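Enquirer: Take a look at the following structure, please.
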Amino acid sequence: MSDTVAHALLVYTALQIVVTMHTLSQNTASMLPLFALVVLVAAIIPLFRRYERKWESLDDPAAADPACGARFRRDQLAVWLFAIGLPFAVTGVFKAVVALLG
């Protein structure tokens, strides 16, 4: 799970920067997207760390149990869904807030 979390953090951060910078270039008067970038990069780390701790606490025989395979894949999928989906979802919310306020 450590590899999954590490790679997902890289993807999440890159997507968040690209999506946020695109928003910033469209609306240079607002610091909201930049603030969102900082907050969300800091906020996602504890969430991903929770998944990592869950799996590192298992000893080798428990982790090798075939019954854990489905749960492991589910957790991997959740990490990747957060990593890919959150940058777009949050940027959409901030765009809506800027549109309502501006």
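Enquirer: Return the label of the correct value of log10 I(q)/I(0) by the Debye sum over Cα atoms at q = 0.10, 0.11, 0.12, 0.24 Å⁻¹, as calculated from the structure shown, out of (1) -0.56, -0.61, -0.66, -1.27; (2) -0.26, -0.31, -0.37, -1.51; (3) -0.35, -0.41, -0.47, -1.19.
Expert: (3)
Enquirer: Continuing with this model, one more query. Could you point to the residue in Leu86, Pro66, Ala14 farthest towards the positive end of the stretch 2-101's charge dipole, with +1 and -1 charges on the Cβ of Lys/Arg and Asp/Glu respectively?
Expert: Positive-most Cα among the choices belongs to Leu86.
Enquirer: Could you tell me the relative contact order of the chain? Use alpha-carbon pairs under 8 Å, at least six residues apart, and round to a whole percent.
Expert: For the chain, the relative contact order is 48 percent.
Enquirer: Where does the chain land at 222 nm, in deg cm²/dmol rounded to the nearest 500, when only DSSP H runs of n ≥ 4 count, each adding -39500 (n - 2.57), divided by all residues?
Expert: Theoretical 222 nm ellipticity from helices: -30500 deg cm²/dmol.
Enquirer: Sticking with this one: What does the charge add up to near Tyr51, with Lys and Arg as +1, Asp and Glu as -1, over the other residues with Cβ less than 15 Å from its Cβ?
Expert: Once positives and negatives cancel, what remains is +3.
Read-outs: derived from the displayed coordinates by stated rules, not from any lab. What you see is a predicted model, and the numbers here were worked out from it, not measured in a lab. Positions of Cβ are generated from backbone atoms using ideal geometry, with glycine treated the same way; all protein chains shown enter the neighbour counts.
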